[in-house]
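Just so it is clear, none of the values below were taken in a lab; they were calculated from the coordinates. Since this is a predicted model, take the numbers as computed values, not measurements. Quick reminder, even Gly has a Cβ in these numbers, built from the backbone with ideal geometry, and neighbours come from all protein chains shown.
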Amino acid sequence: MTFNADSRVSEPSILVIFGATGDLTHRKLYPALYNLWKDGLMPAEQCIVAVGRRDKDTEGVRQEVVDSVKEFSRVEWDDEGVDSFLQRFHYYQQDLRDEDSYGHLREFLHDLDGQYNTQGNRIFFLAVAPEYFGTIAERLYHNDMAPNDGTSWQRLVIEKPFGRDLESAIELNTVINRHFDEKSIYRIDHYLGKEMAQNIMILRFANTLFEPLWNNKYIDHVQISLTETVGVEGRGPYYEQSGALRDMVQNHMLQLLTLVAMEPPVDLNTEFVRDEKVKILRSLRIHPKAVVRGQYGEGTKDGRHLPAYRQEDRVSSESNVETFLALKATVENFRWAGVPFYLRTGKRLPRKYSEIIIKFKKLPGVLYFKNETLDSNVLVIRVQPDEGVYLKFNAKRPGTGETIVPVTMDFCQSCMDGYNSPEAYERLLHDVMRGDSTLFTRWDEVEHSWRFVDRVARFWQESSDDIHIYPSGTWGPVQSELLMREDGRDWLYL
Ligand code: BG6
């Protein structure tokens, strides 16, 4: 039996992708659209308009869609019946800075309404550089393409980064809000589209087993690690402005943290869930001394030389931007007071994975816990590459002795035969089509995340500590281990 909290259906619309010649569109959006279509989750009349600056035509775009799907889709390309998929794609050539082009775009879309019966419904997906977000929102509004008459709907989907600090995020939000109301804005955090991120609430609130223990009486600490093996991969100019703090912590890591720490919402309604997440962000505290910044140096992998961050294309040779970050935060509320949340993220580490570890407290030191080496229970929520849940507990070793050994239950849903989990963008695009914004970030979530991140950035500005260089292919600077050791703990690898 399945439980579907929300039975909203997707109505036909025109999905307009600004920045259709970019990497995100090719690697993620086109394959996601193909998979939605394959799974029968795309409305029969859905139309897609790719907007780009290059001189191209609709046939050219359709060929690009085929190429992207063949290269990046989780479901293999199948020629059968694809005409009905490809015919939905159209190309509109536009220089985003050209004011007049928006009026022509409106007419172009209006003509397509006639063909597809899309009735003025629009999804504007901004897969462009952030400096265009405000301008596009403004011009859509001035050309009658923003929500206005209530007979059709228009949704604005915005990729990160949403600002680079609180001040710039407020500025951007003010401009966008002038033209699109909050409920029409879908701020993407692709981590929320991942299967296991969605599973956190279910694990917590649909199991008697965990929720009663989910507090400072029973939990010793929480670790959240999002580690990567890649470097900045040609994104130097962007990364020089963001660093790991803005690239990963402000969004993905804090979102996972809120899902782990939030109180049960009143019900599964979007706003109730978001209300609870915001409360956590407001309760987050950081200690200035409990933050470690690192930057990758040179290294080797499989006999291949890996350049240091400072040697990457379009990165300053004196850059102090962090590619690694470890920090300890606390959530100052009744449930969590005294429980540290350790966050760690970095590039060029030995392994790519995203995991949340809940380490439970030891039982009182009588009976079995007189033995100090006996370890407490651990629950791991594996977000990627494996998706699943791992639980470690103590049991008697079979035989005549009394030896206690750790045993594990490891549920790996992605390891099951034939399992092929939907990509984050499939879920997110489908939700935009259905008008469900639960997995998107509301403005006050963004605002309070920035407040936290700005506090961390301020500590750095005020401190004279140098950035710690770590060799590529290691687990970051030794100071990250020391951060844990000072508290008598370690990063766990399970
Ligand atoms: C993006 C960051 O948001 O997330 C990238 O900008 C990072 O720097 C990526 O590599 C990681 O996402 P995933 O899904 O591969 O863990």
**Asked** Arranged by the count of other C-beta atoms within 10 angstrom, fewest first, what order do VAL66, VAL380, VAL249 take?
**Response** VAL66, VAL380, VAL249
**Request:** Check the cysteines of the chain one by one and keep only those with no other cysteine Cβ under 4.7 Å from their own.
**Result:** CYS47
**Asked** Which FRET efficiency value, to the nearest 0.05, is calculated for ASP100 and ALA206 with the Förster distance at 45 angstrom and r the Cβ-Cβ distance?
**Response** 0.25
**Item:** C-alpha long axis of helix 133-142 to longest principal axis of the chain, angle in °
**Value:** 40 degrees
**Message:** I'd like the Kirkwood hydrodynamic radius of segment 373-442, using the inverse of the mean 1/r over distinct C-alpha pairs, in Å.
**Reply:** 15.6 Å
**Quarter of Cα convex hull surface for segment 345-494, i.e. mean projection, nm²** = 14.9 nm²
**Prompt:** Between segment 318-349 and segment 140-189, how many Å separate their Cα centres?
**Reply:** 30 Å
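What area, in nm² and to one decimal, does the C-alpha convex hull of segment 1-105 cast on average over all directions?
8.4 nm²
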**Request:** Taking the Cα centre of the chain as origin, sum charge times position over the Cβ atoms of Lys and Arg (+1) and Asp and Glu (-1), and report the length of that vector in debye to the nearest 20.
**Result:** 2060 debye
**Request:** Along each of the three principal axes of the Cα atoms of segment 28-67, give the extent in whole Å, ordering the values from largest to smallest.
**Result:** 32, 20, 15
**Request:** Report the extension gain between ARG282 and VAL366 in nm, rounded to one decimal, defined as 0.36 nm multiplied by the number of residues separating them, less their alpha carbon distance.
**Result:** 26.4 nm
**Prompt:** Which of ASP436, ASP57, ASP487 comes first, and how do the rest follow, when ranked by fewest Cβ neighbours within 10 Å?
**Reply:** ASP57, ASP487, ASP436
**Fill in**
Rounded to the nearest 500, the 222 nm mean residue ellipticity computed for the chain from DSSP H runs (n ≥ 4, each -39500 (n - 2.57)) alone is -9500 deg cm²/dmol
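Between ASP302 and ARG451, take the C-beta separation as r, use R0 = 41 Å, and let me know the FRET efficiency to the nearest 0.05.
Once the sixth-power term is evaluated, E becomes 0.45.
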**Request:** Using only alpha carbons, build the gyration tensor for segment 173-220 and give me the equivalent ellipsoid semi-axes, biggest first, whole Å.
**Result:** 35, 14, 10
**Fill in**
With x for Gly and Pro, the residue-by-residue ³J(HN,Hα) of segment 454-466, computed from phi through the Karplus equation 6.51 cos²θ - 1.76 cosθ + 1.60 at θ = phi - 60° and given in whole Hz, is 4, 4, 4, 4, 5, 4, 5, 4, 7, 8, 9, 4, 6
**Per residue convex hull volume, Cα atoms of the chain, in Å³** = 180 Å³
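Can you give me the Kirkwood hydrodynamic radius for segment 206-262, using every pair of distinct Cα atoms, in Å to one decimal?
14.0 Å
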**Request:** Calculate how steeply helix 166-179 sits against the longest principal axis of the alpha-carbon atoms of the chain, using the helix alpha-carbon long axis, and give the answer as 0 to 90 degrees to the nearest 10.
**Result:** 30 degrees
**Complete:** Working note, segment 225-383: Cα radius of gyration (Å, one decimal) and Dmax (Å, whole number) are 19.1, 61
**Prompt:** Of ARG282, ARG348, ARG139, ARG485, how do they rank once you tally other Cβ atoms within 10 Å and put the fewest first?
**Reply:** ARG485, ARG282, ARG139, ARG348
**Request:** For ASP67 paired with ARG53, estimate the spin-label separation in nm (one decimal), with each label point 7 Å from Cα along the Cα-to-Cβ line.
**Result:** 1.9 nm
**Asked** Relative contact order (percent) for segment 21-138, with alpha-carbon contacts under 8 angstrom and 6 or more residues of separation?
**Response** 32 percent
**Asked** Antiparallel DSSP bridges in the chain: what percent, to the nearest 5?
**Response** 60 percent
